[in-house]
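Trainee: Take a look at the following structure, please.
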Amino acid sequence: MSDFFLGLDCSTQSLSAVLIDFNSRKIIYRNSVNYDKELPHYNTQNGIVILENERVIHSFPLMWVEALELLFEKIQNNVPIKEIKAISGSGQQHGTVYLNKKFEENLQKLNIDEPLIKQFNNSFTRRTSPIWMDSSTFKQCQEIRKALGGLESTVKITGSNTFERFSGPQIRKFFQENPKDYKKTSIIHLVSSFMASVLLGKNAPIDHGDGAGMNLMNIKIKEWDNNALEATAPNLKNKLPPLVNSYDIIGKISPFYVKKYNFNPETLLIAWSGDNPNSLIGVGLIEKGKAAISLGTSDTYFAYLKNLYLDIKGGGHVFGAPTGDYMSIICYKNGSLAREKIKEHFSLNWDDFSQILSKSPPGNYGKIMLPYFFPEIVPLVLKPKVYRFGFDENDLIGNVRAIIECQFLSMKLHSEWIDEKPKVIHATGGASANEEILQIAANIFNTNVKKFEITDSAALGAALRSAKSYYDSINNKKTWNEILKNFVNLQESSVIQADSKYRKLYDDMVKLYKKCEDFILRNSKNPEKCRKEFIKKYFFKPSRILKQ
Ligand code: XUL
């Protein structure tokens, strides 16, 4: 007998599955459905649609459901589905799904002879879902922040300042712009709880990890906050699912999947969570002193927190961690899509890109890029524009090095509020496969970086979470360390050592980067003098040009 656990990840560009066998401690199957390629009729680009302008970014909840069926068809032929003991999942965070009361009725009478999307077609009060890349709610953010007593008090109540992509401001915008449809909405789900509902056959709860990304949950007591609800939209409490611990069992898989794909009717469903809380487990952050960078569609930097610790200045967030504790996080929109912009502009492939990185000097002769190809979250930039100091868009080497260095300089600068300096940084996400990129991260943070072989850490995290809750439920309790053993350690293929000879250079460069950011965004002094000093200090004599 095997103990199989399935983790699903409904991310921006694809839906992925990771199946683990706990007895042999191996990942035995992984697969995914890419929305653009495999569901082209939704016409998404990188899984999204841009509506009125570049700030209004949505996706299709029906597409995620169709991807789920497609994924199960793939899994069905390759995996002993009956052996799966429990399933959990991960969703891109903050995105909201607006449903009428037919949704639950439909969930309860799913018919295996019809495609799922047909059966949900009449369930929506909004065909599209605003997702985490949307930045169209500046006004609503201001209104909610004001109603909650300003920045500091908003952070203290909800764990974050109000952010354009967070669910509360998005819900308020829908209420203000479409009051009739808002009224018809009987339940508002996150991507995670929506997908969990589709598997459960009834409305699923929202967990404390993803719930914290809404500006609606009280971060201390982990309950819906009445003031935040009132500041957002009328009657909102009645439209939200209940909150639960990330490790709670939410029920058993719906009979639809038992009949259609031969799941065991006893298969447990564990609360779904956001992709970042899931990744926290998937890269093994279950104790202090470790942080992770996830280099995907979004770039994130996150760390495990034993106790609640807030960023009163409002740049970062605190979410619930799947362990029941907390995590700190900062998130960038200009992640892989920004790197790809440079790669495509110069018609490079990733090997060329790495070559250039390995041959160019740390510090890049003082070339600084503020890489806002898209609106940015930290710092808040609503109008995308790329700013270059000391070079132009035709400088091949300068641009390749600048995009990577400056993404990490910004991450270093804006993660300074996280009190504890990590002893090691775990790297995950697509771009973490690139060692040249990780070397730059290690040097800038002056911290060793552990590279993981797997890049789907959110789906793995979900599979591991489901194993933990399953064993706890059958009175065979296991610690998180026991759960992660082999799965997480074995993937650590290499450690990239920080090269301390660049420590001073990068410390100075972070300061220079901050000056450039202050100049562009806060009308501070022109940084040119400092930039020249930096160049003089590190690049003046040809013999001192640094090679990595
Ligand atoms: C986190 C965030 C993104 C999304 C998509 O706050 O907005 O990381 O979860 O991955």
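Each reported figure results from applying straightforward, stated rules to the coordinates on display, with no laboratory input. What you see is a predicted model, and the numbers here were worked out from it, not measured in a lab. With ideal geometry, Cβ positions are generated from the backbone for all residues, glycine too; neighbour counts draw on all protein chains shown.
Trainee: Which value, in nm² and rounded to one decimal, describes the direction-averaged projected area of the C-alpha convex hull of the chain?
Mentor: Across all orientations, the chain yields a mean hull projection of 23.6 nm².
Trainee: Okay, next question. Once phi is turned into θ = phi - 60°, what whole-Hz ³J(HN,Hα) does the Karplus curve with 6.51, -1.76 and 1.60 give for every residue of region 389-398, x standing for Gly and Pro?
Mentor: Each residue's phi maps through the Karplus curve to give 10, x, 6, 10, 6, 8, 7, 4, 5, x Hz.
Trainee: Can you list the trypsin sites (Lys or Arg not before Pro) in region 34-124 that are in a DSSP coil and have 10 or fewer other beta carbons within 10 angstrom?
Mentor: Lys109
Trainee: Which angle from 0 to 90°, rounded to the nearest 10, does the C-alpha axis of helix 528-539 make with the longest principal axis of the chain?
Mentor: For 528-539 against the chain, the angle is about 80 degrees.
Trainee: Could you work out how far helix 61-76 tilts from the main Cα principal axis of the chain, as a 0 to 90 degree angle to the nearest 10?
Mentor: Rounded to the nearest ten degrees, it is 80.
Trainee: Sequence-distant or interchain residues sharing an amide H contact under 5 Å with Asp207, placed H: which?
Mentor: Answer set, sorted by chain and number: Val244.
Trainee: Expressed in nm to one decimal, what extension gain is obtained for the pair Ser473 and Glu152 from 0.36 nm per residue of sequence separation less their Cα-Cα distance?
Mentor: This chain segment gains 111.6 nm when fully extended.
Trainee: What's the exposure ranking of Thr137, Thr479, Thr44, Thr158, going from fewest to most Cβ atoms within 10 Å?
Mentor: Fewest to most other Cβ atoms nearby, the residues stand as Thr479, Thr44, Thr137, Thr158.
Trainee: Expressed as an acute angle from 0 to 90° and rounded to the nearest 10, what is the orientation of the C-alpha long axis of helix 457-473 relative to the principal long axis of the chain?
Mentor: Long axis of 457-473 versus the principal axis of the chain: about 40 degrees.
Trainee: Amide H neighbours of Val424 under 5 Å, counting only residues 5+ apart in sequence or on other chains, H built in-plane at 1.01 Å?
Mentor: Placed amide hydrogens put Ala291 under 5 Å from Val424.
Trainee: Could you work out [θ]222 nm for the chain from helices alone, using -39500 (n - 2.57) per DSSP H run of at least four and dividing by all its residues? Round to the nearest 500 deg cm²/dmol.
Mentor: Counting only the DSSP helices, I get -11000 deg cm²/dmol.
Trainee: So the label point goes 7 Å from the Cα of Asn235 along Cα→C-beta, right? Which residues of region 162-187 then have their backbone N under 16 Å from it?
Mentor: Counting only backbone N, you get 172, 174-187.
Trainee: If I stretch the segment between Leu380 and Glu287 completely, what's the gain in nm (0.36 nm per residue apart, minus their alpha carbon distance), one decimal? Spell out each step's value before the answer.
Mentor: Numbers: separation 93, 0.36 × 93 = 33.48 nm, distance 3.04 nm.
Roughly 30.4 nm would be gained on extension.
Trainee: Are there GluC sites (Glu not before Pro) in region 1-69 that DSSP puts in a loop and that have at most 13 other Cβ atoms within 10 Å, and which ones?
Mentor: Taking region 1-69 and a limit of 13 other Cβ atoms within 10 Å, the loop GluC sites (Glu not before Pro) found are Glu52.
Trainee: Could you derive backbone 3J(HN,Hα) for region 311-327 from the dihedral phi with the Karplus parameters 6.51, -1.76 and 1.60 (θ = phi - 60°), listing whole Hz in sequence and x where the residue is Gly or Pro?
Mentor: Here the 3J(HN,Hα) series is 9, 5, 6, x, x, x, 10, 10, 10, x, 9, x, 6, x, 9, 10, 9 Hz.
Trainee: Something else: Exposure proxy check: Arg339, Arg531 ranked by fewest other beta carbons within 10 Å?
Mentor: With the sparsest Cβ surroundings first, the list reads Arg531, Arg339.
Trainee: Going through region 152-237, which trypsin sites (Lys or Arg not before Pro) have at most 14 other Cβ atoms within 10 Å and a DSSP loop state? Provide the component values of the computation, followed by the final result.
Mentor: Details: sites: Lys156, Arg165, Arg172, Lys173, Lys180, Lys183, Lys184, Lys202, Lys220, Lys222, Lys237; in loops: Arg165, Lys202, Lys220, Lys222.
Passing sites in region 152-237 are Lys202, Lys220.
Trainee: Let me ask you something else. Modelling each spin label as a point 7 Å along the Cα-to-Cβ direction, I'd like the Asn349/Tyr309 distance in nm, to one decimal.
Mentor: Those two pseudo-labels are separated by 4.4 nm.
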